[in-house]
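Some notes on the structure that comes next.
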Amino acid sequence: MVSDATPIGVTGAYVFDPELGVYTIYMSVARRDSVFVKLMVESYEGIGITRSLDPFYEGGPGDCEARGLMVLLAVADAVEAVGLLIEELVAECGLRLVEPSAEDIALFRTNLLGELDFSGA
């Protein structure tokens, strides 16, 4: 079970997932900037990794302002550095932190881990 959201750094939802052992940070990113965001995160060795969840989280095909939903996974030791990087990305490309819905979390966990039972039963 995912714990309550804990705000750290920039306003938004940094959710610790005890089963994965990482913070999951859900972000709305302009599709044109998604590769830039991914490369910025990966350029800082060990700060975190990103996963794309929904390429049309806001908008649709043909919409030049469409935004995708990405998840950044960060270990607890890197959360402060991630917060600083996110502040830069908010200013640079309009990245927005989003509160994940139960469906967003389920989609992420299924994409990452496959069809597993997370109920603990």
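Given 35, 101, 91, which one lies farthest toward the positive end of the charge dipole of the stretch 14-102, if we put +1 on the Cβ of every Lys and Arg and -1 on the Cβ of every Asp and Glu?
Working it through, the farthest residue towards the positive pole turns out to be 35.
Along the Cα→Cβ direction, 7 angstrom out, place labels at residue 20 and residue 65. What is the inter-label distance in nm?
Here the modelled spin labels are 3.0 nm apart.
I'd like to compare 72-83, 102-113: which one has the highest average count of other Cβ atoms within 10 Å, and what's the full order after that?
By packing density, highest mean first, the sequence is 72-83, 102-113.
Nearest 0.05, what FRET efficiency do residue 28 and residue 88 give at R0 = 22 Å with Cβ-Cβ as r?
Efficiency, rounded to the nearest 0.05: 0.85.
What nm distance separates the two modelled labels at residue 35 and residue 54, each placed 7 Å from Cα along Cα→Cβ?
2.4
So how much slack lies between residue 103 and residue 76, counting 0.36 nm per residue of separation and subtracting their Cα-Cα distance, in nm?
Full-extension gain reported as 7.3 nm.
For the stretch 31-45, what does the Karplus curve 6.51 cos²θ - 1.76 cosθ + 1.60, with θ = phi - 60°, yield as ³J(HN,Hα) per residue in whole Hz, taken in order and with x for Gly and Pro?
With coefficients 6.51, -1.76 and 1.60, one gets 3, 5, 9, 5, 5, 4, 4, 4, 5, 4, 5, 6, 5, 8, 3 Hz.
Collect residues whose amide H, placed 1.01 Å from N in the peptide plane, falls under 5 Å from the amide H of residue 95; neighbours closer than 5 in sequence don't count.
For residue 95, whose amide H was placed from the backbone, the distant partners under 5 Å are 90.
Enumerate the amide H contacts of residue 56 below 5 Å, restricted to partners 5 or more residues apart or on another chain; note that Pro and chain-start residues carry no placed amide H.
69
A short reminder: the numbers here are calculations on the coordinates, not readings from a lab. Source: prediction; values computed, not measured. Backbone-built Cβ (ideal geometry, glycine too); neighbour counts: all protein chains shown.
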